1. Considering only the other residues whose Cβ falls under 14 Å of the Cβ of residue 35, what net charge follows from Lys and Arg at +1 and Asp and Glu at -1?
2. If each residue of separation counts as 0.36 nm, what is the full-extension length gain between residue 40 and residue 80 once their alpha-carbon separation is subtracted?
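Every read-out reported here was derived from the displayed coordinates using simple, explicitly stated rules and does not represent laboratory data. Nothing here was measured: the structure is a model prediction, and the numbers come from that model. Counting neighbours? That spans all protein chains shown, and the Cβs are built from the backbone with ideal geometry, glycine included.
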Amino acid sequence: MSDFGKELIADLQDSLSSNDKGRTVRPSPSDIKAIRDQQNMSQSKFAQEFHINIETLRAWEQGKRTPDSVSTAFLYCIQKQPNIIKDILNS
C-alpha cells in the first residue's frame, strides 16, 4: 500500500475514534468553502475540476444540503491530497 493510502487510513481511523460512537462528522458549509478556498477556485472551477455537480456544491456551501458519507470522504481526500485527486479524475 502506498504511503498516501496508509496516511489516509490512519487519519480516517483517528477521526472515527474521536467521534462519539463512530458517527461520521459532516463538514459544515464553511468547511466546504474553506476546502475550495484552499484551492483558490471559484465554485464553478472547483465543481468542474473535481467532478461535483455545481448545484450540489452550492447547496452544500449554503447549508441547504449536507454531504453524505461518501461525499464527505471525497471532500476530505480533496483537502488532504488535491493534486492526486485531480490526477486520478483526469487520467
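1. +2
2. Result for the pair: 12.9 nm of gain on full extension.
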